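Encoded as structure tokens, the structure appears first; notes follow it.
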Amino acid sequence: MKIKADTGVCVGAGMCALTVPEVFDQSDDDGTVVVLDPDPPASREAAVRRAVQLCPSGALSIEE
Amino acid sequence: MTEAIPGLTYTTARERPFDPPDELTRVREETPLHRMIYADDHEGWLVTGYALARAVLAHPSFSTRPELLHPPIQNRLIKMKEFTTPPGFFIRMDPPDHTRFRKLLTGQFTVRRMKQLEPRIEQITNDRLDAMERQGGPVDLVQAFAMPIPSLVICELLGVPYDDRERFQRDSAVMLSLRSTPEQAKAAMDDLLGYLRDLVRRKRAEPSDDLLGGLVAGGELNDEELAGVGLLLLVAGHETTANMLGLGTFALLTNPKQLAAVRDDPAVVEGAVEELLRYLTIIHIGPVRTAVEDVDLGGHLIKAGEAVTIAAAVANRDPERFGEAETLDVSRPVHGHLTFGHGVHQCLGQQLARAEMRIAYPALLRRFPGLRLAVPAEDVPMRSDMAIYGVHRLPVTW
């Protein structure tokens, strides 16, 4: 999987960083998503999919 | 099925303190989307199903602008429409105006920043517990614990003197009371805005290392906008976590097994906070939106100009999404509830609220293992008359 993040759409709610802190962080400047690991291991796949689903702004997507 | 109950109107009147009004639940059992008559006789919509609620909140064609709003009940929403919403009050703006304000603030409310606040929240919580212990029971948990913790935290974060709390807590209560006349609500809002304008002016003269001080120094907002932003954050920071702490403790005290799990098992606390947020949904009116163009919603046409009220408390009990949703089960894995909303307006302070609740609930229950109600449960006064649900008072002893 490959994670795509659109910081122009992101509203900085932090659901991704809350759900998978190993993969997502937030910018100190405006709180928008920072992808720490765009190609996470299979062991984190379920959590990453949940983070994508929880994202309130639709800023996250997954390319298989 | 969108006409199952002809002439349906919204209600905040509950049969039981922790469950949303039965009539709204009955609507959800019939249909996720129903016609509804608004307080200004507008014929709009009520959304009770989880999937449609989420769809509306994420959809760019639904607006929160006050001039488009129809009030689901005779309450402050009508007042917000009649009176100019103050500049900087970005919860009532659509993108891109909303984006401009929100982006200035989101960096201050990140998961990591809120984690850095945890030691201070713990200290504030312990100070309140010490004070309760010194005083001895019975005490009103709202005044002794639920209100002071988020109030102190948001005051320190924003840079608002806590010593002024009598004034802004009173104004905030009048603004949020469904019993206030429009004139009373407007006077309270104007008083609070005046207070915040003075505070902003002082910060302009004397820089301060806090959120409002930072916004002043940033130079992007004028004093009117800064006061509006301050109003939104101050009121939202007070009334939300405070009511979750009060109502959540009440719910746990009437569910001893759930209470014991939160008290004794640290691994449960994170999920317990999400479950309490879902089960109690203190946002008991709305959110409310207005379609700015025709939208197809679940096979029904919502016409431009029509209002949609989301019954978040009922959607959060949707069995299609949450299974045995009528039961409080702090051990269940729960995520995706709508208590913080969804879409671009999802609660800015949600990570702060989580941090406060994750610290405060277990700290209270561990300090006072014998905590119990000091009055019969049916005598606890509920906030059905306020814009945000909860308990007015919670007399407890230990």
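Odds and ends about this structure:
- Counting Cβ atoms of other protein chains within 10 Å of each residue's Cβ and taking the mean over peptide A:3-14 gives 5.
- 19 Å Cα-Cα reach of B:LYS186 towards aspartates and glutamates, excluding residues that sit fewer than 8 places from it in its own chain: B:GLU67, B:GLU82, B:GLU166, B:ASP171, B:ASP198, B:GLU224, B:GLU225, B:GLU239, B:ASP385
- Dipole orientation for chain B: of the candidates B:PRO6, B:PRO17, B:GLN258, B:GLN258 has the Cα lying most toward the positive pole (charges on Cβ; Lys, Arg +1; Asp, Glu -1).
- Accessible area buried at the A-B interface, both sides summed, 1.4 Å probe (Å², nearest 100): 1800
- Bridgeable aspartates and glutamates around B:LYS203 (alpha carbons under 13 Å apart, same-chain partners fewer than 8 residues away excluded): B:ASP223.
- With every protein chain in place, the stretch B:261-383: carbon and sulfur % of accessible area (1.4 Å): 51
- Diffusion constant of the protein assembly as shown at 10 °C, which comes from Stokes-Einstein with the Kirkwood Cα-pair radius and 1.306 mPa s, µm²/s: 70
- Signed unit charges on C-beta, dipole axis of the stretch B:79-175, positive-most listed residue B:THR125, B:ILE154, B:VAL142: B:ILE154
- In degrees, nearest ten, helix A:45-54 long axis to first principal axis of chain A (Cα): 30
- Inter-centroid distance (Cα atoms) of the stretch B:107-150 relative to the stretch B:174-228, Å: 24
- Size of electric dipole in chain B: Cβ of Lys, Arg +1 and of Asp, Glu -1, about Cα centre, debye, nearest 20: 740
- Using just its DSSP H runs of length 4 or more, each adding -39500 (n - 2.57), chain A gives a mean residue ellipticity at 222 nm of -6000 deg cm²/dmol after division by all residues.
- Percent breakdown of C-alpha pair distances by 10 Å bin, ordered from the shortest bin, for chain A: 25, 62, 13, 0
- For a straight C-alpha distance cut-off of 14 angstrom, the aspartates and glutamates reachable from A:LYS2 (same-chain residues fewer than eight places away being disregarded) are A:ASP37, A:ASP39, A:GLU45, A:GLU63, A:GLU64.
- Across the stretch B:277-398 the C-alpha pair distances fall into 10 Å bins from zero in the proportions 10, 30, 37, 16, 6, 2 percent.
- Restricted to Cα atoms, the stretch B:7-70 shows a radius of gyration and a Dmax of 12.9, 36 angstrom.
- In the stretch B:45-194, inverting the average of 1/r over every pair of distinct C-alpha atoms gives 18.6 Å as the Kirkwood radius.
- Screening chain B for whole DSSP H helices with an alpha carbon extent of at least 30 angstrom along the helix axis and a mean Kyte-Doolittle hydropathy of at least 0.5 yields B:223-253.
- Shape index of the stretch B:22-397: Rg/Rh, with Rg the Cα radius of gyration and Rh the Kirkwood radius from the inverse mean 1/r over Cα pairs, equals 0.95.
- Accessible area, probe 1.4 Å, largest first, for residues B:LYS103, B:LYS203, B:LYS257, A:LYS4: B:LYS257, A:LYS4, B:LYS103, B:LYS203
- Comparing the full protein assembly with the isolated chain, the residues of the stretch B:99-139 losing at least 20 square angstrom of accessible surface (1.4 Å probe) are B:ARG102, B:LYS103, B:THR106, B:GLY107, B:THR110, B:VAL111, B:ARG112, B:ARG113.
The values are calculated or read from the model by the stated rules, or taken from the named source; none is laboratory data. Every value quoted in this text rests on a predicted model; they were computed, and no experiment measured them. For neighbour counting, all protein chains shown are included, and Cβ atoms are generated from backbone atoms with ideal geometry for every residue, glycine included. We work out accessible area using only protein heavy atoms, side chains counted, and drop any ligands, DNA or RNA first. Shrake-Rupley method; radii C 1.70, N 1.55, O 1.52, S 1.80 Å.
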